[in-house]
Amino acid sequence: MTTYEEIFENNRRWIAAKKAGDPQFFEKIARSQHPEYLYIGCSDSRVTAEEIMGVEPGEVFVHRNVANLVNSTDLNVMAVLNYGVRHLGVKHIIVCGHYNCGGVKAAMEAKDLGILNPWLRNIRDVYRLHKKELNSISDEGARYNRLVELNVQEQCVNVSKLASVQQGYMDHGYPEVHGWVFDIRNGELIDLKLDFPNILKDIQEIYRLTGE
């Protein structure tokens, strides 16, 4: 386990390595950011966006919370999405869950989890929406993994409900919304290949916010 002091030594080595590759590296990234990707992921310490995507600083705008939720009453994630879409002009919004997610597992259990109850209720709502499919899966592990995937799918739907996303897509053809799952057992990123244009079309009967 890395000690507190070693973190700063690691930072110094990282700075030296970056400057060795490009002496102006920090001057360049200090000027501004123009990421094409907005990543909404889980706070789990084992899943870091830049590392699993293989990207450099400045390439991805990141928000993380327990179980990668997009809740309209969470001003944090709403602010990130609004800034990413309307000010940074991101081309892709990614919601990335992961197998073995503690938040999803907790939502599957009939326990009082105190302050976590209102947060995890969003995942229980996903379970309710897909109860028939999930209850038909006899293997608990497979059911757990499928809920992880369905949670990602529903959070992508929540992203698609936002006026900024709808307006941006109507005006420019972006941002597109993608659902991913990270398999923590082997390091693989899995694209759920959600059909974003059709998802957007389906929800706009009720959630159209563009006035068009």
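The values are calculated or read from the model by the stated rules, or taken from the named source; none is laboratory data. Just so we're clear, the structure is a prediction, and the values are computed from it rather than from any experiment. Neighbour counts run over all protein chains shown; Cβ positions are idealised from the backbone, glycine included.
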Qualifying residue in region 107-130 (condition: assigned to a loop (DSSP other than H, G, I, E, B), of a type in the set (Asp, Glu) and in contact (Cβ under 8 Å) with a residue 12 or more places away in the chain): no
Helices (runs of 4 or more DSSP H) contained entirely in region 1-62, each with at least 3 residues that are over 19 Å from Val152 (Cβ atoms) and not assigned by TED's automatic domain parsing to the domain that holds Ala79: 4-21, 25-31
Residue that is at pLDDT below 95 and either of a type in the set (Ser, Thr, Tyr) or not assigned by TED's automatic domain parsing to the domain that holds Asn65 (or both), where the choices are Tyr174, Tyr207: Tyr207
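Which one is surrounded by the most Cβ atoms within 10 Å (Cβ to Cβ), of the residues in region 156-173 that are assigned to a loop (DSSP other than H, G, I, E, B) and out of contact with any Phe, Trp or Tyr (no Cβ under 6 Å at 6 or more places or on another chain)?
Within region 156-173, the first condition is being assigned to a loop (DSSP other than H, G, I, E, B), and the residues that meet it are 161-162, 173.
Remaining after also requiring out of contact with any Phe, Trp or Tyr (no Cβ under 6 Å at 6 or more places or on another chain): 162, 173.
Working: Leu162: 20, Gly173: 10.
So, considering only residues that are assigned to a loop (DSSP other than H, G, I, E, B) and out of contact with any Phe, Trp or Tyr (no Cβ under 6 Å at 6 or more places or on another chain), the one surrounded by the most Cβ atoms within 10 Å (Cβ to Cβ) is Leu162.
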Answer residue from region 1-50, given it is among the acidic types (Asp, Glu) and surrounded by 10 or more Cβ atoms within 10 Å (Cβ to Cβ) and is farthest from Gly97 (Cα to Cα) among those: Asp22
Unmet requirement for Gly84, which otherwise passes all of (1) closer than 23 Å to Ile190 by Cα; (2) among the small types (Gly, Ala, Ser); (3) surrounded by 12 or more Cβ atoms within 10 Å (Cβ to Cβ): (1)
Residues that are β-branched (Val, Ile, Thr), within 20 Å of Ile184 (Cβ to Cβ) and in contact with a Leu (Cβ under 8 Å, 6 or more places away or on another chain), drawn from region 93-125: Ile94, Val104, Ile123
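I need the full set of residues from region 174-185 which are exposed (fewer than 13 other Cβ atoms within 10 Å of the Cβ) and farther than 18 Å from Ala142 by Cα, in order please. Can you show your working first?
Going through region 174-185, the residues exposed (fewer than 13 other Cβ atoms within 10 Å of the Cβ) turn out to be 185.
None - no residue of region 174-185 is exposed (fewer than 13 other Cβ atoms within 10 Å of the Cβ) and farther than 18 Å from Ala142 by Cα, so the list stays empty.
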Candidate set from region 186-212 (those that are part of a strand (DSSP E or B) and in contact (Cβ under 8 Å) with a residue 12 or more places away in the chain); member that is surrounded by the most Cβ atoms within 10 Å (Cβ to Cβ): Leu189
